[in-house]
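These notes are about the structure you will find just below.
The values are calculated or read from the model by the stated rules, or taken from the named source; none is laboratory data. Fair warning: this is a prediction, and the values are worked out from it, not measured in the lab. Ideal geometry is used to build each Cβ from the backbone, glycine not excepted, and the neighbour counts take in all protein chains shown. Each accessible area value is taken on the protein alone, full model and side chains, heavy atoms only, with ligands, DNA and RNA left out. Shrake-Rupley method; radii C 1.70, N 1.55, O 1.52, S 1.80 Å.
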Amino acid sequence: MSEQVQQSPAEQSETSSRENMIEAIGLSKFYGQFAATKDVTFSVPRGQVAAFLGPNGAGKSTTMKLLTGFLSPSEGQARVGGYDVSTHRIEASQKLGYLPENGPLYEEMTPQGFLTYAGSVRGMSTAELRNRLEFVMEKCDLSSVWNKPIRKLSRGFRQRVGMAQALLHDPDILILDEPTSGLDPNQNQSVRDLIRDLGKTKTILLSTHILQEVKAVCSRVILINQGSIVFDGSVDELGNSQDDMETNFHKLTHA
Ligand SMILES: Nc1ncnc2c1ncn2[C@@H]1O[C@H](COP(=O)(O)OP(=O)(O)OP(=O)(O)O)[C@@H](O)[C@H]1O
């Protein structure tokens, strides 16, 4: 008979922080009577690339803002890298890169100027920033627009500037809100390739309503509808083929 080892609460919390890099624990956000999210609970373990899927208005961006500390929950707790984001915001943000849905890009700045500013706000040293700027410029394929004002850039390049900002401090965890929204098929492909590459070393939660994207880059799907989680499982469990996935998505979101 196997012996059960009892863990103290502190040990349990250490285990959970080691294994789960992103944790939503009973997250609800109310606007008046309306619940944008209702008791949202899930966790993403180290090294997993998880899709946060749902139709328009389902609560994806709200959950991501709660997870990144940009919104305070009405109820529940958000943890990133083992830290509660409302009480340990700085520690959590050092481990986290966030691509917001409509990133705050400064239109008059160039990518180089904006990313230098973002790095200095994060307190990066000159040498570290120089290395990381070179890395993200190459990784996000920004060299051709490095010194153009952001206002002149296409949606695809703006998205890549947002990705570069999220990657600048080499975080272990990425929360990406619709990273491919509004991109043309070539740009789509290049952002997906980038995410797949990043997924080899990082924990990623990305929101989308594109099923193809889920299949292309993720191993896990968390599906939200009307503010509540309605499915949490592997991509294959949602459906083996694109058609199956579409049928199940439709069933789960049109109840
Ligand atoms: N500040 C706010 N005040 C009132 N309602 C809000 C507010 N922000 C979001 N909502 C509502 O909460 C719900 C969830 O919005 P959210 O932006 O999280 O959805 P989403 O899944 O990200 O949608 P999309 O795919 O369209 O971006 C929507 O009905 C939205 O209108």
Inset, instruction - Report P(r) for segment 77-164: all Cα-Cα distances, bin width 10 Å, range 0 to the bin holding the largest distance, values in whole percent. - result: 17, 44, 30, 10, 0
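Computed over the Cα atoms of the chain, what is the convex hull's projected area averaged over all directions, in nm²?
Details: hull surface 66.2 nm².
Result: 16.5 nm².
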Inset, instruction - Can you tell me the FRET efficiency between Asn102 and Asp236 if r is taken as the Cβ-Cβ distance and R0 is 35 Å, rounded to the nearest 0.05? - result: 0.60
Legend entry - Reciprocal mean inverse distance between Cα atoms of segment 213-255 - Kirkwood radius, Å: 10.5 Å
Legend entry - Sequence ranges 203-215, 119-131, ranked by mean other-Cβ count within 10 angstrom, highest first: 203-215, 119-131
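Provide the per residue accessible area, probe 1.4 Å, for the chain, rounded to a whole number of square angstrom. Mind dumping the intermediate values first?
Values: 12820 Å² over 255 residues.
I get 50 Å² per residue for this part.
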Legend entry - Largest-first principal axis extents of the Cα set of segment 23-172 (Å): 46, 30, 27
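If contacts are Cα pairs under 8 angstrom and at least 6 residues apart, what is the relative contact order of the chain in percent? Don't jump to the answer; show the numbers that get you there.
Details: 459 pairs, mean separation 62.9, N = 255.
The normalised contact order for the chain reaches 25 percent.
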Legend entry - Degrees, to the nearest 10: 185-198 long Cα axis against longest axis of the chain: 70 degrees
Legend entry - Helical contribution to [θ] at 222 nm, DSSP H n ≥ 4, -39,500 (n - 2.57), averaged over the chain, rounded to 500: -11500 deg cm²/dmol
Inset, instruction - Could you tell me, in Å, what Rg and Dmax come out for the Cα atoms of segment 108-255? - result: 17.4, 54
Legend entry - Beta bridges by DSSP in the chain, antiparallel share as percent, to the nearest 5: 55 percent
